[in-house]
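Structure first, then comments.
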Amino acid sequence: MTWELIDHTGDLAIVARAPSLEALFAECARAMFAILAENPAPAAGTVDAFDVPGRDPAEELRDFLAEILYRFSAERKMYGSFAPGSGTVHGTWEPYDPARHPLKTELKAVTWHQLAVAKEETGWKAQVIFDV
């Protein structure tokens, strides 16, 4: 599973690959939080489960990333790890601590612009652009 930053004028974009759709969601979430703040190994935390129905993968990925970005902004949940399950992604979080998680980039939104999720021979690929 990998992700990489790609050049995009005025925003930040990632391309991620993973063997399953759930693993792709987890990889995109890890990438988003790596862009957002320093994120050392998570302390023991609480786990939130997110459904991945797979009916419309691009829309579901955007909604998932927007939800966890909202939870960071509004509820101060710093997700430190993500694990794919069967039809779910589990995110482990701890309360955001500016001393432990210095911010790197302010992400305003997960955009629809050039959003793509595709099944490939060896798994799944996504492209996501974040508004900064």
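The values are calculated or read from the model by the stated rules, or taken from the named source; none is laboratory data. All values derive from a computational prediction rather than experimental measurement. Cβ atoms come from the backbone with ideal geometry, glycine included; neighbour counts cover every protein chain shown.
Would it be correct to say that Pro40 is touching a Gly at 6+ places or on another chain (Cβ under 9 Å), of a type outside the set (Gly, Ala, Ser) and part of a loop (DSSP other than H, G, I, E, B)?
In short, yes.
Residue by residue, here is whether (1) over 14 Å from Ala13 (Cβ atoms); (2) free of Cβ contacts under 8 Å to residues at least 24 places away in the same chain; (3) of a type in the set (Lys, Arg) holds:
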{"residue": "Ala41", "(1), (2), (3)": "yes, no, no"}
{"residue": "Val47", "(1), (2), (3)": "yes, no, no"}
{"residue": "Phe50", "(1), (2), (3)": "yes, no, no"}
{"residue": "Met78", "(1), (2), (3)": "yes, no, no"}
{"residue": "Ser81", "(1), (2), (3)": "yes, no, no"}
{"residue": "Ser86", "(1), (2), (3)": "yes, no, no"}
{"residue": "Gly91", "(1), (2), (3)": "yes, no, no"}
{"residue": "Glu121", "(1), (2), (3)": "yes, yes, no"}
{"residue": "Gln127", "(1), (2), (3)": "no, no, no"}
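Take region 93-110 and flag every residue that is assigned to a loop (DSSP other than H, G, I, E, B), free of Cβ contacts under 8 Å to residues at least 60 places away in the same chain and over 15 Å from the mean Cα position of the chain (by Cα).
Selection gives Tyr96, Asp97, Pro98, Ala99.
When region 24-44 is examined, which residues are found to be within 17 Å of Gly85 (Cβ to Cβ) and surrounded by fewer than 21 Cβ atoms within 10 Å (Cβ to Cβ)?
Arg30
Quick check on Asp97: is it of a type outside the set (S, T, N, Q), out of contact with any Cys (no Cβ under 8 Å at 6 or more places or on another chain), at pLDDT below 95 and surrounded by fewer than 15 Cβ atoms within 10 Å (Cβ to Cβ)?
Yes.
Got a sec? Which of Ala26, Ala13, Ala31 is more than 14 Å from Ile68 (Cα to Cα), out of contact with any His (no Cβ under 7 Å at 6 or more places or on another chain) and not acidic (Asp, Glu)?
Ala13 is the lone residue from the list that is more than 14 Å from Ile68 (Cα to Cα), out of contact with any His (no Cβ under 7 Å at 6 or more places or on another chain) and not acidic (Asp, Glu).
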